[in-house]
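These notes concern the structure reproduced below.
Where a number appears in this text, it was derived from the coordinates with a stated rule and is not lab data. Everything quoted here is computed from the prediction, not taken from an experiment. Quick reminder, even Gly has a Cβ in these numbers, built from the backbone with ideal geometry, and neighbours come from all protein chains shown.
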Amino acid sequence: MTSLIHIAFSFVSTVAFGVLTNIPKRALIATGAAGTIGWMIYWGLQQQGYGIGSANFLAAFAVGCVSIFFSRRKKMPMIIFNIPSLVPLVPGGPAYKAVREFALGDNFVGLENLMIVVITAGAIAGGFMMTNVVEKSIMHWQMKRLFNK
């Protein structure tokens, strides 16, 4: 039952952000699927005991790969799928807690939450960067194979 709730809310939040950012209607379901896949990978890895950094890195890498797939399938720019699909992974709660703790004067707890935000953001950026590296490597390998025949 908990998995269904995670699937539903990650899909709805991704699609809602897609609507807010005005992506084409024909990309909404695919974007929701990409966001759901990313969140379920993150959540599943967290349940297995993975750290927040590695779980976010692998989830962002998966979102990037799924976004590449959908962008080619629907012949649309990859960013249409990337940006809304990240919404479930964004560390909004820890960012709010960090600002709140700094405002209340508890700097140590604020720094703790700020480090969670920095680690999460870095892991997400690293996951997307790795997706880009893998995609370019595959394209290079395909072009090399094509021209060396």
Each residue of region 114-125 in order: what ³J(HN,Hα) in whole Hz does its phi give by Karplus 6.51 cos²θ - 1.76 cosθ + 1.60, θ = phi - 60°, with x for Gly and Pro?
5, 5, 4, 5, 5, 4, 5, 5, x, 5, 5, 4
Rounded to the nearest 500, the 222 nm mean residue ellipticity computed for the chain from DSSP H runs (n ≥ 4, each -39500 (n - 2.57)) alone is -28500 deg cm²/dmol
Of Met139, Met130, Met78, which has the largest mean-square fluctuation in a 10 Å C-alpha GNM of the chain?
Met139
Kindly write out, for region 69-84 in residue order, the coupling ³J(HN,Hα) from the Karplus curve 6.51 cos²θ - 1.76 cosθ + 1.60 (θ = phi - 60°), rounded to whole Hz, with x marking Gly and Pro.
4, 5, 5, 6, 5, 9, 6, 9, x, 5, 5, 4, 8, 5, 5, x
Can you tell me how much longer the chain between Asn22 and Trp141 gets when fully stretched, taken as 0.36 nm per residue apart minus their C-alpha distance, in nm with one decimal?
39.3 nm
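State, to one decimal in nm², a quarter of the convex hull surface area for the C-alpha atoms of region 20-73, i.e. the direction-averaged projected area. Don't skip to the end; give the middle numbers.
Numbers: hull surface 16.0 nm².
For region 20-73, the mean projected area of the Cα convex hull comes to 4.0 nm².
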Hey, what do the phi angles of region 16-24 turn into as Karplus ³J(HN,Hα) couplings, whole Hz, using 6.51/-1.76/1.60 and θ = phi - 60°, x for Gly and Pro?
4, 5, x, 5, 4, 8, 6, 7, x
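Provide the net charge surrounding Arg100, with neighbours chosen by a C-beta distance below 14 Å and charges set as Lys +1, Arg +1, Asp -1, Glu -1. List each step's numbers first, then the result.
Details: positive: Lys97; negative: Glu101, Asp106, Glu112.
Local charge sum for Arg100: -2.
For region 2-147, what number results from the quotient of the Cα radius of gyration and 2.2 N^0.38 Å? The partial results should precede the final answer.
Working: Rg = 16.9 Å, N = 146, 2.2 N^0.38 = 14.6 Å.
That works out to 1.16 for region 2-147.
Order 104-114, 118-128 from most to least packed using the mean count of other Cβ atoms within 10 Å. Could the numbers behind the result be given before it?
Details: 104-114: 13.5, 118-128: 18.2.
Most protected by this proxy first, the peptides run 118-128, 104-114.
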